[in-house]
Amino acid sequence: MSMMPFSMIFMWILMIAFVYLIIKAIRQDNKSPSSSAIEVAKCRFANGEITQEELREIKKEL
């Protein structure tokens, strides 16, 4: 029995995994910038760099 069918299956699995990883990377790059801006504002609030009122203003604007 030849190893050809198994190598073809393995090749298809690798190709599908590669396409999946590319799509996943592209989708992560397209995350909403406003969500990351809110996270930055929350970190700044936690560090005491901005007040609670400033945090509310930022959330309202975003």
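The values are calculated or read from the model by the stated rules, or taken from the named source; none is laboratory data. Since the model is a prediction, treat every value here as computed from it, not as a measurement. We work out accessible area using only protein heavy atoms, side chains counted, and drop any ligands, DNA or RNA first. Shrake-Rupley method; radii C 1.70, N 1.55, O 1.52, S 1.80 Å.
Tell me, what % of the accessible area of the chain is carbon and sulfur with a 1.4 angstrom probe? Can you show the working numbers first?
Values: 3780 of 5680 Å².
Accessible surface attributable to carbon and sulfur in the chain totals 66 percent.
Please compute the per residue accessible area over the chain with all protein chains in place, 1.4 Å probe, rounded to a whole number of Å². Write out the running numbers ahead of the final one.
Values: 5680 Å² over 62 residues.
Spelled out: the 1.4 Å probe surface of the chain, per residue, equals 92 Å².
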